[in-house]
Every structure is written in structure tokens, then in C-alpha cells.
Ligand SMILES: [Zn+2]
């Protein structure tokens, strides 16, 4: 069963926050919703309103993954296609299919960070450059 892309996951709206979670930090689903909103070019204010959280919390989350892009890779934003030896993955942000785990990680992070930062964090290896 293929996993849902962010657009499919939030087709019916944002995850709802329980009143007792009012002061809790964002859960993984809320973080994924923020990433979906950013991909749709929503403002932090609009994302915050939809989720029922403070706009500042949205900005704080964005700051966190800017400082630590590995956080983006902990949210299940890509899935493996078929068998492991095919080394094919699907991005759940945009549904593109990508060969090689390293490349799909680069690709996911590149949805949210500047190209220069991505190149620094995930340099293209020399044997890959021939194929570009
Ligand atoms: Zn993508």
C-alpha cells in the first residue's frame, strides 16, 4: 500500500489539536502539516490559524529545521518503492520518484532549504555528477 503524499494526507484539512495538548510542542503530524502549508506557499500566520497554534510556533519550527535539516528526514517524507535492491524512492511532498536514498534525502531537504545549503550538507559525489 503506497503511503499518502502530504497533499493526500491533508486533503480534508489540518490535524486537530486536543485541548489538553494546548501547551505541547508540535507532534509529527502537525509538523508535516506545516511543511505541507509551506510547500503550498501559505504564510506562517495562515498555517498557524489552520492548526490552531500561534504563528510564532510555526516560525520556531521553521527555524529548528533550518538549523537542523536532519529533522526533516525524521518525518517520513519519502518511502521506498518496490524492493530494496531497486533503490527507488518516492517523495511524499511532491510524489516524484527518485533513485538512490541519498538523492531522495537531498531532494526532500531541497523542498525547504536553499540550494546552496543543500549542496553543502549533501554534496553531489563525483561518480554521480556524470549522470547529471
Ligand atoms: Zn519532492
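Laid out as a table, the results:
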| read-out | value |
| --- | --- |
| Helices (runs of 4 or more DSSP H) contained in the range 21-97 and holding at least 3 residues farther than 20 Å from residue 5 by Cα and touching a helix residue (DSSP H, G or I) at 6+ places or on another chain (Cβ under 7 Å) | 44-51, 55-67 |
| Residue list for the range 29-44, filter: surrounded by fewer than 21 Cβ atoms within 10 Å (Cβ to Cβ) and touching a residue at least 60 places away in the same chain (Cβ under 8 Å) | 38, 39 |
| Among the candidates 118, 104, residue that is near the ligand (Cβ under 10 Å from one of its atoms), surrounded by 16 or more Cβ atoms within 10 Å (Cβ to Cβ) and at pLDDT 90 or above | 104 |
| Any hit, the range 77-86, residues being modelled with pLDDT under 95, in contact with a strand residue (DSSP E or B) (Cβ under 7 Å, 6 or more places away or on another chain) and loosely packed, with under 13 Cβ neighbours inside 10 Å | yes |
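The values are calculated or read from the model by the stated rules, or taken from the named source; none is laboratory data. Just so it is clear, the structure is predicted and the values come from calculations on it, not from any experiment. Cβ sites come from the backbone with ideal geometry, for glycine too, and all protein chains shown count toward neighbours.
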